[in-house]
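The values are calculated or read from the model by the stated rules, or taken from the named source; none is laboratory data. Computed from a predicted structure; not experimentally measured. Positions of Cβ are backbone-derived with ideal geometry, glycine not excepted, and every protein chain shown enters the neighbour counts. With ligands, DNA and RNA removed, areas are computed over all heavy atoms of the protein, side chains included. Shrake-Rupley method; radii C 1.70, N 1.55, O 1.52, S 1.80 Å.
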Amino acid sequence: QVQLVESGGGLVQPGGSLRLSCAASGIIFSINTMNWYRQAPGKVRELVASITSAGSTNYADSVKGRFTISRDNAKNTVYLQMNSLKPEDTAVYYCNVKILGIFRNDDYWGQGTQVTVSS
């Protein structure tokens with residue numbers, strides 16, 4: 001079964017840093033694009049960052065230059081390094097993978113990890 005388990009969230013002051021981790025199992029990790037989403041209270045879930053199997057990355061404009069997504073295929077883990085954190089970064093952060101198949105597409109999510117940026 002597919003499992004995505006996030007960790008690394010917590011409380012940090014504005015300007016601080018956190019590194020989130022997502023450990024994947026049940027998928028062929030190395031061939032999949034991995035994504036980080038976030039959802040703040042009362043807000044829609046938004047895509048924050050993506051990394052392809054080849055290592056190409058994309059970021060939401062709101063985090064560009066501050067966040068870095070990376071992956072370690074040997075550890076089946078994707079990371080989100082978050083620097084210069086702002087209060088508006090406060091959200092539950094979710095790891096995601098979309099498995100695109102010939103007959104079906106499957107969308108998998110981790111349980112989420114809370115990131116709170118506050119003085």
Figure the gain on full extension for Ala40 and Ser84 (residue separation times 0.36 nm, minus the Cα-Cα span) and round it to one decimal in nm.
14.0 nm
Just add up the charged neighbours of Val78: K/R +1, D/E -1, any other residue whose Cβ is under 12 Å from the Cβ of Val78.
+1
Using only the Cα atoms of segment 27-72, build the gyration tensor, take square roots of its eigenvalues as a ≥ b ≥ c, and label the shape rounded, prolate or oblate: rounded if a/c is under 1.5, else prolate if a/b is larger than b/c, else oblate.
oblate
Below 8 Å between Cα atoms, with a sequence gap of 6+, how large is the relative contact order for the chain in percent?
35 percent
Pop a pseudo-label 7 angstrom from the Cα along the beta-carbon direction at both Leu11 and Asp107 and give the gap in nm to one decimal.
3.3 nm
Distant-in-sequence amide H partners of Lys86 (H built 1.01 Å from N, under 5 Å):
Gly15
Under a point spin-label approximation (7 Å from Cα along Cα-to-Cβ), what is the Ile31-Ser70 distance to one decimal in nm?
2.6 nm
Solvent-accessible area of Arg45, probe 1.4 Å, all protein chains present, reported in Å² to the nearest ten, please.
80 Å²
So for segment 30-106, using the alpha carbon gyration tensor with a ≥ b ≥ c as root eigenvalues (a/c under 1.5 gives rounded; past that, a/b versus b/c decides prolate or oblate), I'd call it oblate
At R0 = 25 Å the Cβ-Cβ FRET efficiency linking Asp61 and Ser119, nearest 0.05, sits at 0.50
